[in-house]
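Structure first, commentary second.
The values are calculated or read from the model by the stated rules, or taken from the named source; none is laboratory data. Being a predicted model, the structure only gives us computed values, none of them experimental. A quick note on method: Cβ atoms are made from the backbone with ideal geometry, for glycine too, and the neighbour counts reach across all protein chains shown.
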Amino acid sequence: MRSGDSYCFYLEVAERTHAYLFQVDSTGQAYRLFPNAKYRTAENPLQAGKGVWVPNEKEYLFLDENRAPEEDHPGCLGDPDR
């Protein structure tokens with residue numbers, strides 16, 4: 001991918017789960033992409049088999065102009081009610 005490119009994520013879980021998605025930019029700053037009210041994403045916990053888009057189904061994220069690696073880090077926690 002190149003600076004200015006748009007992208008998004010699709011999350012779908014097999015069982016009721018709390019999911020998180022963080023992005024670490026080229027300066028080392030971490031941002032929580034999901035859940036995030038700014039992007040009008042779904043809320044936790046995610047329901048089994050019901051996918052969600054990040055940032056949401058009508059918007060995209062964009063790479064900045066810094067020519068350095070950026071990383072995305074997903075994470076999930078099982079159903080806390082079990």
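Before moving on, here are some points about what is shown:
- So E43, is it acidic (D, E) and free of Cβ contacts under 8 Å to residues at least 24 places away in the same chain: yes
- Among the residues of region 1-36, the ones that are among the small types (G, A, S) and closer than 24 Å to G49 by Cβ come to 2 in all.
- Test: residue in region 54-73 that is touching a Lys or Arg at 6+ places or on another chain (Cβ under 7 Å) and modelled with pLDDT of 80 or more: yes
- Any chance L77 is surrounded by 14 or more Cβ atoms within 10 Å (Cβ to Cβ) and either farther than 18 Å from M1 by Cα or modelled with pLDDT of 90 or more (or both): no
- Residues in region 1-54 that are small (G, A, S), surrounded by 14 or more Cβ atoms within 10 Å (Cβ to Cβ) and either farther than 17 Å from E65 by Cβ or within 12 Å of the chain's Cα centre (by Cα) (or both): A19, A42.
- Selection from region 2-35 of residues that are part of a loop (DSSP other than H, G, I, E, B), touching a residue at least 60 places away in the same chain (Cβ under 8 Å) and on the phi < 0 side of the Ramachandran plot: R2, S3, V13, E15, R16
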